């Protein structure tokens, strides 16, 4: 029997195949993950709505799949196997899929929000993948081997498949499948967990066998993994009296481990998130005449404020960063300079000045850059923003970010300060007209108001604007507004209602 791509969410008619979770010969049950797809930078798992044996996998990794397109053939577990939900939905929609897809392309460019997936779709978004899609305690059979080894790519795929199906850095994340004397696979001994949880654990070097799951049947949930990460972080905190050079060296090694830097002499397929980022940036550069503006700010008071709050925040499980304060400062600046919080509607020839303040936060992941959104940042205190930045960042790095968390930003902030670097020239997150790049905080000698040389903590602001909407003078006003707000960061701690 054929299994077509089922309806995968409201207003979504196409996705890119980024991973096969099964291969020909695998036996699957209802709820077993079949493929991983990507749409709008969000990774989602498509589970089986049938029980049977996989015969052929018909789509190559990196290809786009339309709703209703046949993705695999399977042999039902018994001759009376009913038509799957996905197949029924696909047969109902495949006849008008082309017209719906074409109409959606024009409509989707104007929409600012995405609804929840249809209730009847067997499609499971990554943020829900921690829920038990199989019976409690049920284990996934032979599917992880196709995840972790290019040699196990499906043999039944039609079309050419790159020799390297995943970035070469994934070598360090592979799981070897061994068998004991009784013939039990090491995969069978793995604790139950969603594919996204396993992937996140591999990226962080965490052995799931050492984690007690709190889900049904001992299933490991994202909260279980988060607790394990926090415990490891506490045990690896560097002493305040440690040698500065040693700390820098450790931080440098840590940063290198967070990113895929490639392997010399190999080729990496240009697909998935990497290709989506490239297409978006290329379209932005071709369409938008942008310019950059750089300024420096004395943030000595902010540094002292953050240091005084770091211990109390850590005791409460809160990671407080400079970025949270800059989100608040940017919101104040956007209110003072509304042109920086705008979108150019080229079709209607209008500049739309937004009265909402949804701030995008660029997050670097192993597979590329994603931009989760802090919604209604003007209505949130700095501590709530800090917690949301941490939660969205973890979700993005684990591949569990929701589509709705990547939509609707009106201005974006990107930061390279935790890695290094003073000044950058960020590319706009189109259709926004402005983006702020933050460098690292550095100690510099400066002149004070009394013409004396004193030490100060300095950070550089790197701003990029769409010159069709914002001129240089407006950029300078916006930079000044950010400076004025951040130098009074203590005021962010005062509730709006006193």
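The values are calculated or read from the model by the stated rules, or taken from the named source; none is laboratory data. This structure is a prediction, so every number in the text was calculated from the model and none was measured. Methodologically, a virtual Cβ is constructed for each residue, glycine included, from the backbone with ideal geometry; neighbour enumeration extends over all protein chains shown.
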Discussion item. Can you find a residue that is surrounded by 12 or more Cβ atoms within 10 Å (Cβ to Cβ), at pLDDT 70 or above and either within 28 Å of residue 16 (Cβ to Cβ) or not assigned by TED's automatic domain parsing to the domain that holds residue 19 (or both) anywhere in the stretch 235-257?
Written reply: no
Worksheet entry | Leading residue by the ranking (surrounded by the most Cβ atoms within 10 Å (Cβ to Cβ)) among those in the stretch 438-454 that are in contact (Cβ under 8 Å) with a residue 24 or more places away in the chain and assigned to a strand (DSSP E or B) | 438
Practice prompt. Could you name every one of the strands (runs of 3 or more DSSP E) located completely within the stretch 303-417 that has at least 1 residues being without any contact (Cβ under 8 Å) to a residue 40 or more places away in the chain and within 25 Å of residue 430 (Cβ to Cβ)?
Written response: 342-345, 350-353
Fill in: Residue list for the stretch 485-498, filter: free of Cβ contacts under 8 Å to residues at least 40 places away in the same chain and outside any loop (DSSP other than H, G, I, E, B)
491
